[in-house]
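As structure tokens, the structure follows; a few thoughts come after it.
Just so you know, all these numbers are worked out from the coordinates, no wet-lab data involved. These numbers come from a predicted model, not from an experiment. Note that each Cβ is placed from the backbone with ideal geometry, even for glycine, and that neighbours are counted across all protein chains shown.
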Amino acid sequence: MACIGTACHIYAAAPGGPRGTGGLPFDQLQSASNGIWLCADHARLIDTNQGQGYPAQLLLGWRQLHENYLVQEMRGLVAPGGLVTGITIHQGPAALASRSVTLSALNVVVGYNGTGKSILLDLLASVAQSAPFGDRRWVGDLAADIHWFDPQPHMLRLQARDSRIRFKLDHKPVPFVPAPYRPIIVRTPRNHLTELRELAELLDLDANSFRNLLFEVPDRVCGEVSSVEITDGTPLVHLRSWPEPVRLEGHLSSAVVWTVLFETAIALAQVLSQTGPTLLLIDDFGDFLHPLRVDRMFKLLTDATLGFQTVVVTHSPLPAEIQQNWSITSFIDDEYNTLIPT
């Protein structure tokens with residue numbers, strides 16, 4: 001058996017190299033954390049045209065997913081590998097049309113309301129939804145290409161018109177798509193929630209599955225939810241920064257609802273990633289959350305996104321200290337630097 005593997009730099013070893021140095025000091029550029037093991041053919045390919053077709057965050061995403069796959073394999077859990085590598089929108093709202101987004105493991109799309117961020121998530125989730133884009137309304141037609149590999153490269157072309165969605169998988173028409181990945185969308189609820197069942201439905205779960213998963217959140221996520229107990233048949237959630245335990249029924253605070261949904265969705269993505277590719281889609285952090293809470297959520301995602309991909313769309317600034325771990329796409333062009341501190 002021939003070995004044609006070769007160690008490659010993710011960020012360039014010196015200024016002027018493919019993908020640049022990413023602002024890393026010399027010792028980090030020379031460390032194993034800045035390397036990826038590839039076959040000789042792909043080692044040459046990723047550096048073509050100064051690496052423009054293979055940004056650093058995409059290579060980091062490849063390595064992270066592969067390392068997680070190996071960990072799962074050693075535990076006896078062999079899941080089909082896969083990575084959604086990008087989406088190109090051909091038709092859509094004026095602010096969204098003709099945009100392309102390259103995806104790695106951790107992704108954030110920054111833009112104001114009306115720039116098409118939420119529709120972008122709908123498009124990414126449409127491969128697993130029976131009705132296109134849930135109850136969201138749009139004006140005009142939508143068309144987009146979604147690219148992924150498993151490990152072979154694939155392309156799904158979807159076209160939505162008159163509330164009907166059509167698919168072409170690798171250029172061949174298909175009536176539906178055996179989902180290449182499982183999308184999970186987290187959105188701020190439009191109405192006040194009063195029942196556990198309503199919280200569960202937001203994550204496409206039944207009440208019992210949601211309750212069972214909720215008990216695992218403290219150990220799996222290690223975030224704001226510190227413990228969960230059952231009182232009179234209803235989960236009682238303890239939050240680290242909340243003065244009193246929260247009963248998940250009745251008129252809950254929006255911040256509580258979002259925190260519980262957010263961390264339960266992370267736990268759900270971890271579970272699903274053990275059996276197949278999973279994409280966690282987060283539609284903004286609500287305006288009702290303090291910026292420090294948003295910072296903690298970004299940091300939690302950075303640590304907890306293992307074995308699955310995450311896409312956050314937001315108008316909030318990304319904390320400067322974790323930008324290096326995320327692939328950042330701006331939908332606001334020249335105003336980007338005012339939103340993303342350096």
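Summary of computed values
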read-out: Net length gained if the chain between His290 and Arg161 were fully extended (0.36 nm per residue, minus Cα distance); value: 42.5 nm
read-out: Taking Lys168, Lys117 and counting other C-beta atoms within 10 Å, the order from fewest to most; value: Lys168, Lys117
read-out: Least to most buried among Cys8, Cys3 (fewest other Cβ within 10 Å first); value: Cys3, Cys8
read-out: Restricting the range 255-299 to chymotrypsin sites (Phe, Trp or Tyr not before Pro) in coil, as DSSP defines it, with at most 12 other Cβ within 10 Å; value: Phe288
read-out: Cα-centre dipole for the chain with unit charges at Cβ (Lys and Arg positive, Asp and Glu negative), debye to 20; value: 760 debye
read-out: Gain upon complete extension [Ser209, His154; 0.36 nm per residue less C-alpha separation]; value: 16.6 nm
read-out: Beta bridges by DSSP in the range 151-300, antiparallel share as percent, to the nearest 5; value: 75 percent
read-out: Rounded to 5, the percent of DSSP beta bridges in the chain classed as antiparallel; value: 65 percent
read-out: Which of Met155, Met297 has the fewest Cβ neighbours within 10 Å, and the rest in rising order; value: Met155, Met297
read-out: Qualifying aspartates and glutamates (Cα of each under 12 Å from Cα of Lys168; at least 8 residues distant if same chain); value: Asp145
read-out: Simple spin-label estimate for Ala13 and Asp145 in nanometres, 7 Å along Cα-Cβ; value: 3.5 nm
read-out: Scattering profile of the range 185-329 at q = 0.13, 0.21 Å⁻¹ [log10 I(q)/I(0), Debye over alpha-carbon scatterers]; value: -0.55, -1.51
read-out: Cα gyration tensor shape of the range 1-59, rounded if a/c is under 1.5, else prolate or oblate by comparing a/b with b/c; value: oblate
read-out: Amide H contacts under 5 Å for Val186, placed H, 5+ residues apart; value: Leu281, Ile282, Asp283
read-out: Stretchable slack from Phe26 to His66, in nm (0.36 nm times residue separation minus alpha-carbon distance); value: 11.8 nm
read-out: Whole-Hz couplings from phi, Karplus 6.51/-1.76/1.60, listed for the range 220-234; x for Gly and Pro; value: 6, 9, 6, x, 6, 6, 9, 6, 9, 9, 9, 10, 6, x, 10
read-out: Whole-number percent relative contact order across the range 5-74, with pairs defined as alpha carbons under 8 Å at least 6 apart; value: 34 percent
read-out: Estimated vicinal HN-Hα couplings, Hz - the range 256-272 in sequence order (Karplus 6.51, -1.76, 1.60; Gly, Pro = x); value: 5, 4, 5, 4, 5, 4, 4, 6, 5, 5, 4, 4, 5, 4, 4, 5, 5
read-out: (1) 32, 25, 21; (2) 33, 21, 19; (3) 56, 22, 17, with the label sought being that of the calculated semi-axes √(5λ) of the Cα gyration tensor in Å; value: (1)
